[in-house]
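What follows is a single structure, written as structure tokens, with notes after it.
The values are calculated or read from the model by the stated rules, or taken from the named source; none is laboratory data. Here the structure is a predicted model, which means the values were calculated and not measured. Every residue, glycine among them, receives a Cβ derived from its backbone with ideal geometry; neighbour counts consider all protein chains shown. Please note that ligands, DNA and RNA were not included when accessible areas were found on the heavy atoms of the full protein model with its side chains. Shrake-Rupley method; radii C 1.70, N 1.55, O 1.52, S 1.80 Å.
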Amino acid sequence: MTDSLVGRGGGWYRFRDTWVLPAAPKAVFDAVVDLAAYPLWWRDVRSVSQVDEDTAELVCRSRLPYALTVRMHRDRQDERDGRVRVLLSGDLEGTLAGALTAVGSGTRLEITQEVEARKPLLRKLDRIARPVFRINHALMMRRGHNGLRGYLRASAG
């Protein structure tokens, strides 16, 4: 689900996604907080550079002809509560949060992003391209979900 943030100017987005994954919460948590491994399972994440102990810079590119460079700074990482949250800066600014819960023999990962597009091209095209940006986000998240499912299966077996 994608919706605009109420009361905000152009360029603001709220994204909510739910991933059901074939692994215990600890395995999912470990994979989600290991940013360096993202390019192994999420083809839209082209590179990850460690900035400091709590910050990494990711370069992402999906089907559209532009890349996004985003710094993710750890704000909360609580394995016991199954909660993660990072502050985003760069081409997107805002927050990205995850909540993990056990479901059967797997895990449900609820992802919430509240971001403002800061990349000039995205801001300029926001009014006319918002539906395309939403579709692009949904497809990117689908590839991430599928990639993480496969990665977790391979890690378990």
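Of all residues in region 96-109 being over 17 Å from L152 (Cβ atoms) and surrounded by fewer than 17 Cβ atoms within 10 Å (Cβ to Cβ), which is farthest from the chain's Cα centre (by Cα)?
Looking at residues that are over 17 Å from L152 (Cβ atoms) and surrounded by fewer than 17 Cβ atoms within 10 Å (Cβ to Cβ), I get A99.
G82 is checked against (1) among the small types (G, A, S); (2) under 29 Å from D126 (Cα atoms); (3) in contact with a strand residue (DSSP E or B) (Cβ under 6 Å, 6 or more places away or on another chain) and fails just one. What number does that condition carry?
In the conditions (1) among the small types (G, A, S); (2) under 29 Å from D126 (Cα atoms); (3) in contact with a strand residue (DSSP E or B) (Cβ under 6 Å, 6 or more places away or on another chain), G82 misses (2) alone.
Limited to region 22-37, what total is found for residues that are surrounded by 15 or more Cβ atoms within 10 Å (Cβ to Cβ) and farther than 17 Å from R85 by Cβ?
Count: 5.
Looking at the structure I just gave you, is H73 in a helix (DSSP H, G or I), in contact with a strand residue (DSSP E or B) (Cβ under 7 Å, 6 or more places away or on another chain) and open to solvent by 20 Å² or more (accessible area, probe 1.4 Å)?
No.
To keep it simple, each residue is scored yes or no on (1) small (G, A, S); (2) in contact (Cβ under 8 Å) with a residue 24 or more places away in the chain; (3) in a strand (DSSP E or B); (4) at negative phi.
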{"position": "T18", "(1), (2), (3), (4)": "no, yes, yes, yes"}
{"position": "F29", "(1), (2), (3), (4)": "no, yes, no, yes"}
{"position": "P39", "(1), (2), (3), (4)": "no, no, no, yes"}
{"position": "R46", "(1), (2), (3), (4)": "no, no, yes, yes"}
{"position": "Q50", "(1), (2), (3), (4)": "no, no, yes, yes"}
{"position": "L58", "(1), (2), (3), (4)": "no, no, yes, yes"}
{"position": "L88", "(1), (2), (3), (4)": "no, yes, yes, yes"}
{"position": "L96", "(1), (2), (3), (4)": "no, yes, yes, yes"}
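Examine region 123-130 for a residue that is in a strand (DSSP E or B) and either of a type in the set (D, E) or open to solvent by less than 60 Å² (accessible area, probe 1.4 Å) (or both), and state whether such a residue exists.
Within region 123-130, not a single residue is in a strand (DSSP E or B) and either of a type in the set (D, E) or open to solvent by less than 60 Å² (accessible area, probe 1.4 Å) (or both).
With the structure loaded, tell me whether S49 is small (G, A, S) and modelled with pLDDT under 95 or whether it fails that test.
For S49, the condition - small (G, A, S) and modelled with pLDDT under 95 - is not met.
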